[in-house]
Number of protein chains: 2
Amino acid sequence: MVDGNWDRVWINAHLATMTPGADDYGSVPDAAIAVRGESIAWIGPAVVAARIASAAGVPIHDATGLWITPGLIDCHTHIVYGGNRVAEFEQRLRGASYEEIARAGGGIQSTVRATRAESPERLLASARSRIGRLLAEGVTTIEIKSGYGLDEATERRMLAVAREIGREWPVSVRTTYLGLHALPVEYRERRSAYVDAVSGAWLEGIAASGLADAVDAFCESIAFTPAETERFLGAARRAGLAIHVHAGQLSDLGAAELAARHGALSADHLEYVGAEGVRALAAAGTVAVLLPCAYFTLRQRDPPPVDALRAAGVPLAVATDCNPGTSPCTSILLALAIACTAFGLTPGEALRGATANAARALGVAHDRGTLEVGKRADFALWAIDRPAELCYALGANPCVGVVYRGRLRDPV
Amino acid sequence: MVDGNWDRVWINAHLATMTPGADDYGSVPDAAIAVRGESIAWIGPAVVAARIASAAGVPIHDATGLWITPGLIDCHTHIVYGGNRVAEFEQRLRGASYEEIARAGGGIQSTVRATRAESPERLLASARSRIGRLLAEGVTTIEIKSGYGLDEATERRMLAVAREIGREWPVSVRTTYLGLHALPVEYRERRSAYVDAVSGAWLEGIAASGLADAVDAFCESIAFTPAETERFLGAARRAGLAIHVHAGQLSDLGAAELAARHGALSADHLEYVGAEGVRALAAAGTVAVLLPCAYFTLRQRDPPPVDALRAAGVPLAVATDCNPGTSPCTSILLALAIACTAFGLTPGEALRGATANAARALGVAHDRGTLEVGKRADFALWAIDRPAELCYALGANPCVGVVYRGRLRDPV
């Protein structure tokens, strides 16, 4: 389509298309990007675009001096929840042990209590400021997990609120039923019954109602065993849902291998994964989602084996893991910065991790994550001199505009 | 002054006065703070203030649900500089060694070249966005160091630009002549001559012209020896300037003891300081300024000995260390968060470190750093439920207003 049948066009920008190209960013200098409807209609030299647009009377946005990237994708969040955990954060720093905090009702169970007590309206209201901060940093797609309900009604309520976020605000939401997050207190003596419920009637109902795009399970020594995880994932596959797995955050239980065996879209965290797990992820095409803000908050010392993942060709993504306990983070740019500094990702890898590879981790790479003709016109405009600046500064937000589904988005 | 002779009053707020009190924050719930001229005129119960103000016709600001803290103080920055170091950041993450980068003209010398080449106008313009981000987070006083000139003219230009920032924008600036930061290339074979110049004519001229409030020296294996530092600090004391020292960032050369011996206001970094140094700081009343964003950026593994500093009664401050190489950080709140998570400060200690103790580190505690009658009416309003939230969230900025010298400040 070079006939100027465009709705609008941005000219004089440098594009980080994030497609394979001359450099880490698929850079195209002095370029233009034209939109028709919700899609990218044309990408090419700015001078050509200006000529076509002028002749055809297409509205022109001058993006001189700006970089344009794909809209950022935060592919792992728990951004819907009740309460917060700041009191516990303070208690811990004043010397209380994890055990004392747990005995006093703290930890994930405190978020479960608070979330169960909230109405959908209040859950939505409390997520609003967090969502707003992500959107201000150029995010156009976000994944949201349930997992603080641990009963059928609250899990469904969380997923419904997540869907509502995508209707109410200019952002695309992918929802994940995190059935196996923690064992609820009412099932403390009945683990197997809980896994049965999660994998049975609750899952079927959630799948049938279209509330979830995928499932997730926390396979870890302090959460659920590989065997329990396996039951849940098997049921999810039969229900036609995509799969994510919290794998290797604190120890290597073989969860990466398990995720790969089930054709998971992503295995997330991966501080502890061995050579077998890395090979399995590579063979399955499963994305490794790195969560540097949780690593930072938990004061972990062993980063994920980035060299091994890279060498094996495992696609790397980066996300905030926004949650009230282990990652109270609403800055995808900070996640990219920590991924570089603490994990050793290059800025190009980090940015690919919040664009092309994040799209792949969510199963939406066919229409998002890169700047290409035919893909959704979701992109962010940045006042920077080079893309690596997005991963370098701590506390800056150079985003000066966001186009979502072809239209400039107002601040939320 | 309870007669209502006030210019304006904020009511229905919770105050974190940061004075010794019932809790870590000197909290006063349901309070009011009245201003006359540039000073705090009255602090007391909101209901009393409302009655007085209504009777006297004093303008009332309703701060229901907000917390008010002293205006934040960033007591260690290198925020005025030319260029940036993002290219070097990317090269390093792509595998270049420090040595290769240095051979290619990178490192601090690249910032020196860029800074020497900049006009005052351009230095001011490039600092503007960084200053703006700090101000948006409730900062009302900032310290700014020279040290990227390494020649007399550029050092003076940097200090003049720092002074200009305090005139142009609604923020108080304390300036520091960082004479001993790095050895400039033109003195490579003449270390002693450089220390002579810095400690002699340059220092005298800078002191006489009132460009600097204090001096600073980088006493470190890769910078200047204790003996060189000693010469400079002695000259600075004779010139009547206050003293800061970059001490123990990478190794323990006894710089903390040296700082204490010279009655330094602060010793900064302190990842490496022994029991002797800690005792000396405590005895001298020197503030330990912790710089967690530099620690993070440099991937350091040994935090400052916070327990020992605390036990000895050394006042702890926290600052951004904003600079283009080792701390590209413009978020004082992020510095507080890292100070808690990586260094183990309590949120109360961290917040005191950017208020009361930061004021002390700059020698301005007589009129800033706490909410007390008679002190400067510099304070920040926050949409938070408890003060610890300022240290908990990563990437949030709950600042909803700043009063500077008694007046609500417009966003910069």
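The values are calculated or read from the model by the stated rules, or taken from the named source; none is laboratory data. Quick caveat, the model's predicted, so the values are computed rather than measured. Because the Cβ atoms are built from the backbone with ideal geometry, glycine has one as well, and the counts that use them run over all protein chains shown.
Overview of values
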quantity: Scope the range B:288-307; condition under 12 Å from the mean Cα position of the chain (by Cα) and among the β-branched types (Val, Ile, Thr); matching residues; calculated: B:Val289
quantity: Verdict on B:Arg191 being without any contact (Cβ under 8 Å) to a residue 40 or more places away in the chain, over 30 Å from A:Asn397 (Cα atoms), among the basic types (Lys, Arg) and in contact with a Phe, Trp or Tyr (Cβ under 9 Å, 6 or more places away or on another chain); calculated: yes
quantity: Residues being assigned to a loop (DSSP other than H, G, I, E, B) and either touching a Gly at 6+ places or on another chain (Cβ under 6 Å) or surrounded by 14 or more Cβ atoms within 10 Å (Cβ to Cβ) (or both) - total across the range B:38-63; calculated: 3
quantity: Any hit, the range B:132-145, residues being over 21 Å from B:Thr225 (Cα atoms), assigned to a helix (DSSP H, G or I) and touching a Gly at 6+ places or on another chain (Cβ under 8 Å); calculated: yes
quantity: Strands (runs of 3 or more DSSP E) fully within the range A:258-373 counting 3 or more residues that are buried (at least 22 other Cβ atoms within 10 Å of the Cβ) and not aliphatic (A, V, I, L, M); calculated: A:266-269
quantity: Any hit, the range B:28-46, residues being closer than 16 Å to B:Glu372 by Cα, in contact with a Pro (Cβ under 9 Å, 6 or more places away or on another chain), of a type in the set (Phe, Trp, Tyr) and at pLDDT 95 or above; calculated: no
quantity: Subset of the range B:64-98 [under 30 Å from B:Thr175 (Cα atoms), modelled with pLDDT under 95 and part of a loop (DSSP other than H, G, I, E, B)]; calculated: B:Gly83, B:Asn84, B:Arg85
quantity: Residues of the range A:104-129 satisfying the condition of being under 19 Å from A:Asp151 (Cβ atoms), in a helix (DSSP H, G or I) and not charged (D, E, K, R); calculated: A:Ile108, A:Gln109, A:Ser110, A:Thr111, A:Val112, A:Ala114, A:Thr115, A:Pro120, A:Leu123
quantity: Residue match in the range B:262-269 (condition: under 19 Å from the mean Cα position of the chain (by Cα) and either outside the structural domain of B:Leu178 (by TED's automatic domain parsing) or closer than 15 Å to B:Ala342 by Cβ (or both)); calculated: yes
quantity: Residue that is surrounded by the fewest Cβ atoms within 10 Å (Cβ to Cβ) [pool: residues in the range A:64-77 that are within 14 Å of chain B (Cβ to nearest Cβ) and under 20 Å from the mean Cα position of the chain (by Cα)]; calculated: A:Thr77
quantity: Lone unmet requirement of (1) out of contact with any helix residue (DSSP H, G or I) (no Cβ under 7 Å at 6 or more places or on another chain); (2) in a loop (DSSP other than H, G, I, E, B); (3) not charged (D, E, K, R) for A:Leu183; calculated: (1)
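Here's the yes/no breakdown for (1) of a type in the set (Ser, Thr, Tyr); (2) under 23 Å from A:Leu123 (Cα atoms):
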position	(1), (2)
A:Arg167	no, yes
A:Tyr177	yes, yes
A:Pro184	no, yes
A:Asp196	no, no
A:Gly200	no, no
A:Leu203	no, yes
A:Glu228	no, no
A:Gly248	no, no
A:Leu253	no, no
